[in-house]
Amino acid sequence: MDKFAIAAALQEIGTLMELKGGDARFKARAYKRGARAVASLSKDIKVLIEERRLTSIPGIGNALASQIELLYLTGSSPVLERLREEFPPGVIELSTVPGLSLSKIEHLHRTLGINSIEELKTAAQEGRLRPLRGFGAKTEEKLLAAIATHETREQLLHIHHAFYVSEQLRDYMRTAPRVLDVESAGALRRAKETVAGIQLVASGKQPAGLVKHFLRYPMIGEVVDQTQESATVRLADGVTCTLVAVRPENQALSLLLTTGSESHLEKLNTVARKKRVKLKPSVRASVSQSKSGVAFRTEADIYRRLGMRYIPPELREDQGEIEAALSGQLPEDLVTPADIKGMVHCHTTYSDGRASIAEMAQAAEAMGMKYLTITDHSPTASYAGGVTLDRLKRQWAEIAEVQEKVRVKLLRGTESDILADGRLDYPDKILEQLDIVIASIHARYKMDADQMTKRIVTAMRQPVFKIWGHGLGRLIQRRPPFECHIDEILDAISESRAAIEINGDPYRLDLEPRLVREARKRKIPFVISVDAHSTEAMKNLKFGVGIARRGWVRRGEVLNTLSAKTFAQAVHP
């Protein structure tokens, strides 16, 4: 097996382990990291195996090295074979259909022999699903709708995967001879939750040389398209990547034209024509300038020449940003990662986190944070190690001990479950002793819209101050938002002692920008959280900030831009 085939096998093992769940999820991450490491090898994998140097590669330990060697020598892996035997055929493909759980996939295979999306679609169209336990006519209808969406959509990447691949590519392109700049573009630069592929704009005196360097990237599995000024490739893991190479004077316009949404660029061109400014639609233009011959050195120059304020990349979606920029009403103080002073919504080993209080505190301090909230799960979330009252008291004592050893201010809190009747987990007398309460829904997502709305409104009207955590419970590409009357909930929050979390977990990114803008209209305060279950997950901050910026959120609207003392006063129950 070559390195790309080995990477594909490791990727499959990781995906199947993810589906298995439980402790296997941690192993799944290791296998997926190993897949990326193998696919990106610049050294000959045969030499590394023969010299027993696989473990010198970051992300590859002894166990993974033995699997890689076995795959290389024999073309098979006992681990992969066992996993394939545990799951029905086609489970990976079927698991991409939203709303189709592993237990339902197994049930479909066992009863109807369904092993693919096409077979599922046929069975649903013929009405063969509705007699099955756990399905019914409504479920059948929802699955057909989900399949239709699946068939028409592009293969989308989660933002964190796209960010990782883009950073790898940028690092590689920075090693190109005479390269001057490399920037991410497209939907990733606009901070979209999912993207269809990676786009980069690189500038240098010799664009053709940059393209040649790009095509030598070790992870490339297939070259899809190639010209003197651009190339599109498919990486070993299936990700599509495009490089546009330009001369330095072309960088600004090329970056603008490869970042904005289609409708944003169409409207921008309409403005440009009225202003008699030439914005070439092709990023292959030899010059990037106005009709007067003045080169655009930056994107800000372009917007200024069009008589408008600079529009940040996250806003370039044709959601009123061009009109606001023309009238001088576009916010110029959108929140940035540098504005955030406190790390909010962090889990430790007291519930389902992987780091201790001390480790989380040290990591937050290393990032320059002034405060950290310890918000482990409440007792009802027993599946996530919910913290019982006796353990909560022990946690408070440990927080006090750790506080003596770190400068970052530690705030004791909880991610309290919103129960079915709208009560918050933990008695009021306990909630009142905390520094912060995040109120979230983790169960009974299938309540109807009226019931769910009543549940959340009741919770938001509780007398303690609380932060509505990962609002609609979505898991991107896995679970849709639950049904509720969002306007009624936002109205209740605006009249209550409450704020809204913009959750930075890249699988959640909840609330979505459209609803964040609705909350802003009601002057509801926000908290940008990381929902971190490890020290590494504190890097989720950039994703939360990206969603906030797409929702037009300004610095002064975010509570954790405040100092530790002022924040603690603002959120105290």
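The values are calculated or read from the model by the stated rules, or taken from the named source; none is laboratory data. Predicted, not measured: the structure shown is a model, and the values here were computed from it. All Cβ positions, even for glycine, are placed from backbone atoms using ideal geometry, and neighbour counts span all protein chains on display. Just so you know, the surface numbers come from the protein's heavy atoms only, side chains and all, with ligands and any DNA or RNA stripped out. Shrake-Rupley method; radii C 1.70, N 1.55, O 1.52, S 1.80 Å.
Brief remarks follow.
- Segment 473-490 residues that are farther than 23 Å from I524 by Cβ and polar (S, T, N, Q), paired with ones that are assigned to a loop (DSSP other than H, G, I, E, B) and open to solvent by 30 Å² or more (accessible area, probe 1.4 Å) (beta carbon under 8 Å, 6 or more apart): Q477/T96; Q477/P98; Q477/L156
- Subset of segment 500-515 that is surrounded by fewer than 23 Cβ atoms within 10 Å (Cβ to Cβ) and not acidic (D, E) - its residue that is nearest to V571 (Cα to Cα): L515
- The residue of segment 28-54 that is least open to solvent (accessible area, probe 1.4 Å), among those that are over 22 Å from Q168 (Cα atoms) and free of Cβ contacts under 8 Å to residues at least 12 places away in the same chain, is V47.
- As for segment 264-287, it holds no residue that is among the hydrophobic types (A, V, I, L, M, F, W, C), at pLDDT 90 or above, open to solvent by less than 10 Å² (accessible area, probe 1.4 Å) and closer than 15 Å to S184 by Cα.
- Within segment 201-252, the set of residues being under 25 Å from K43 (Cα atoms), among the hydrophobic types (A, V, I, L, M, F, W, C), touching a Leu at 6+ places or on another chain (Cβ under 8 Å) and open to solvent by less than 60 Å² (accessible area, probe 1.4 Å) comprises L210, V211, F214, M219, I220, A231, V233, V239, C241, L243.
Residues checked against (1) in contact with a strand residue (DSSP E or B) (Cβ under 8 Å, 6 or more places away or on another chain); (2) at pLDDT 95 or above; (3) open to solvent by 10 Å² or more (accessible area, probe 1.4 Å):
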{"position": "I438", "(1), (2), (3)": "yes, yes, no"}
{"position": "R444", "(1), (2), (3)": "no, no, yes"}
{"position": "D450", "(1), (2), (3)": "no, yes, yes"}
{"position": "T453", "(1), (2), (3)": "no, yes, no"}
{"position": "V457", "(1), (2), (3)": "no, yes, yes"}
{"position": "K466", "(1), (2), (3)": "yes, yes, no"}
{"position": "G471", "(1), (2), (3)": "yes, yes, no"}
{"position": "C484", "(1), (2), (3)": "no, yes, yes"}
{"position": "E488", "(1), (2), (3)": "no, yes, yes"}
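- Total residues in segment 516-573 satisfying the condition of being within 26 Å of Y350 (Cα to Cα) and of a type in the set (V, I, T): the figure is 5.
- Flag for I374 being modelled with pLDDT of 95 or more, closer than 20 Å to D510 by Cβ and under 24 Å from the mean Cα position of the chain (by Cα): no
- Matching helices (runs of 4 or more DSSP H) fully within segment 403-508 where at least 3 residues are farther than 30 Å from E18 by Cβ and β-branched (V, I, T): 449-460, 486-494
- Residue selected from segment 538-573 under the condition part of a loop (DSSP other than H, G, I, E, B) and open to solvent by 10 Å² or more (accessible area, probe 1.4 Å), by the criterion nearest to L509 (Cα to Cα): W552
- Contacts under 9 angstrom Cβ, first residue in segment 521-540 being free of Cβ contacts under 8 Å to residues at least 12 places away in the same chain, partner open to solvent by 10 Å² or more (accessible area, probe 1.4 Å) and not in a helix (DSSP H, G or I), 6 or more apart: E536/R354; K539/M367
- Per-region count, segment 165-186, residues touching a residue at least 60 places away in the same chain (Cβ under 8 Å) and within 21 Å of R549 (Cα to Cα): 3
- Selection from segment 152-199 of residues that are modelled with pLDDT under 95, farther than 25 Å from P513 by Cα and of a type in the set (D, E, K, R): R170, D171, R174, R178
- Residue check for Q168: open to solvent by 60 Å² or more (accessible area, probe 1.4 Å) and either out of contact with any strand residue (DSSP E or B) (no Cβ under 9 Å at 6 or more places or on another chain) or of a type in the set (S, T, N, Q) (or both): no
- When the test is whether a residue is touching a Leu at 6+ places or on another chain (Cβ under 6 Å) and either within 24 Å of Y507 (Cβ to Cβ) or buried (at least 23 other Cβ atoms within 10 Å of the Cβ) (or both), V195 passes it.
- Count - residues of segment 61-109 that are open to solvent by 10 Å² or more (accessible area, probe 1.4 Å), farther than 30 Å from G136 by Cβ and β-branched (V, I, T): 2
- Of residues in segment 519-537 being in contact with a Leu (Cβ under 9 Å, 6 or more places away or on another chain) and open to solvent by 20 Å² or more (accessible area, probe 1.4 Å), the one nearest to A162 (Cα to Cα): P525
- Contact map, segment 371-396: first residue on the phi < 0 side of the Ramachandran plot and open to solvent by 40 Å² or more (accessible area, probe 1.4 Å), second residue of a type outside the set (A, V, I, L, M) and part of a strand (DSSP E or B), Cβ cut-off under 8 Å, separation 6 or more or different chains; pairs are T380/D417.
- Among residues of segment 306-327 that are under 21 Å from K278 (Cα atoms) and modelled with pLDDT of 95 or more, those with a Cβ under 9 angstrom from a residue that is hydroxyl-bearing (S, T, Y) and buried (at least 18 other Cβ atoms within 10 Å of the Cβ), sequence gap 6+ or separate chain, pair up as R309/Y303; Y310/Y303; I311/Y303; P313/T259; R316/T259; A325/Y303.
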